[in-house]
């Protein structure tokens, strides 16, 4: 059973494993991104992150510890100079492991080990997403501003139409009353004409009798 057994042996001796971790860490600090197998990337991640936490103290003792672990002054200077400033107040999680799939030949799982603060591709994507969100928000605000006066104009038009409707109804009523009156007047005239005609006819009949 593997109780309390930490780390991977990689079918190597202890000295070989230490040299492997030193080489992976120095190449990571120099190039900020390395491509290796998934198992090596996971093992090198813990080794590199412990060195970064030591470097954040930025005193003489931590510098000596890092140099003795890496056996490379250039990588140590890079770590204490640029990398620590980029890391800033990040509470751990300085590196990222990205899986790439299986390698042709032996089908080993490959991965990329990179420093989080130096991934320009991911940063560019995040910045693009932020810009797209800001553009969308600005477009929404512009649409809302354009729609607001249209709604107010529609309300004003509806109010004007509502005021005009009773006026139109009153005008129609007056027209109807005028038409009724005009229709009734000729009837009365026609009735008067009939009476006069009757009177003339009576006179004519009286003269004939005489």
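Under the 0.36 nm per residue contour assumption, what length would be gained going from the current alpha-carbon distance of residue 144 and residue 58 to full extension?
So the chain would gain 25.6 nm between residue 144 and residue 58.
Quick check on the exposure proxy: order 3, 31 from fewest to most C-beta atoms within 10 angstrom.
3, 31
Which three extents, in whole angstrom, do the alpha-carbon atoms of the range 38-110 cover along their principal axes, largest first?
On the principal axes, the range 38-110 reaches 46, 26, 16 Å in Cα extent.
Relative contact order of the range 14-118, please, whole-number percent, based on alpha carbon pairs below 8 angstrom and at least 6 residues apart.
36 percent
Bear in mind that the values in this text are calculations on the coordinates, not laboratory data. The structure presented is a predicted model; accordingly, all values stated were derived computationally and were not measured. So basically every Cβ, Gly included, is an ideal-geometry build from the backbone, and we count neighbours across all protein chains shown.
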